[in-house]
1. Quick check for me: using +1 on Lys/Arg Cβ and -1 on Asp/Glu Cβ, what's the dipole size of segment 56-181 about its Cα centre, in debye to the nearest 20?
2. I'd like the carbon and sulfur percentage of the solvent accessible area for segment 1-153, probe radius 1.4 Å, heavy atoms only, ligands and nucleic acids excluded.
3. How big is the convex hull of the Cα atoms of segment 75-192, per residue, in Å³?
4. Using only the Cα atoms, what convex hull volume per residue in Å³ does segment 1-111 have?
5. To the nearest 10 Å², what's residue 113's accessible area with a 1.4 Å probe?
6. Considering amide H positions built from the backbone, and no H for Pro or chain starts, which residues 5 or more places from residue 149, or on another chain, come under 5 Å of its amide H?
7. Tell me, rounded to the nearest percent, the portion of alpha carbon pairs in segment 22-71 spaced more than 19 Å apart.
8. Dipole size in debye (nearest 20) for the chain around its Cα centre, Lys and Arg Cβ +1, Asp and Glu Cβ -1?
Amino acid sequence: MFLLKLAVVVLLFRSFIFSPFSIPSQSMLPRLYIGDYLFISKWNYGYSRHSLPFSVPLIPGRIFGRDPTRGDVVVFRGPADPAGHANDVIKRVIGLPGDTIQMRSGQVILNGTAIPKERVADFTIPLTPNYSGSECPAQFQQVDAGKPICRYQRFRETLPGGRSYFVLDRGEMPVADETSLYSVPAGHVFVMGDNRDDSGDSRFEPPQGMGMVPMERIEGKAVVSFFSTDGSANWFLPWTWFSAARWSRIGEGF
């Protein structure tokens, strides 16, 4: 009976309060690394069936719904593949209902106005099991202090209202940097990855991207990182659990 009660409490907590999420891809570099673990808060935007494990259809539509703010990093249920399977995805909200968005020469044009994009210091990340040479194209691989790294151009974008964040740019990539004009429909958001040239997001329709994301598919808001690993740990060598941890990333908020 105790275990049953505990399971119910954990289920309710994960469904309606906080839930853990791990980063599986590099689409949100430089803010999020592969191997980062974070908590998402579940109440910010209301609740839907996707708030529940396995998207059990117990909640009709969306209740207590609130729209995200531009710049929020959100987790949502992605579109289903041909077999009907859908994964959770994390991206940054760029456009809200009624907004128009276009990419021109790698710059976001929001409602007809270019979002300021300021060049800052390059972003570097060590090559490790969680970010190996297969993730970093050869032209961006370098050696720093005898260790292999990946180096990308980094920029600071600033949204209307002053909210800013860093994005990466790998150079000219017409398919991602030059787009048609998108109009965000009611009940949807337009999301993008901060790693602009390696993100399947709202610029692309499924299966290459996410398309416009319905509000009812948003599960929560990224709140804080609680662990991060470079992937070099060996389960049979306990001391490597500590050496693989990226301690400086733990506790970072959004």
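The values are calculated or read from the model by the stated rules, or taken from the named source; none is laboratory data. Since the model is a prediction, treat every value here as computed from it, not as a measurement. Cβ coordinates were reconstructed from backbone atoms using ideal geometry, including for glycine residues, and neighbour counts include every protein chain displayed. Note: areas computed on protein heavy atoms with side chains; ligands, DNA, RNA excluded. Shrake-Rupley method; radii C 1.70, N 1.55, O 1.52, S 1.80 Å.
1. In debye, rounded to 20, segment 56-181 gives about 320.
2. On segment 1-153, the fraction of accessible area on carbon and sulfur atoms equals 61 percent.
3. So the per-residue hull volume is 155 Å³.
4. Dividing the Cα hull volume of segment 1-111 by its residues yields 157 Å³.
5. The accessible area comes out at roughly 90 Å².
6. Excluding prolines and chain starts, which carry no amide H, the hits are 127, 142, 143, 144.
7. 47 percent
8. Taking the Cα centre of the chain as origin, the dipole is about 700 debye.
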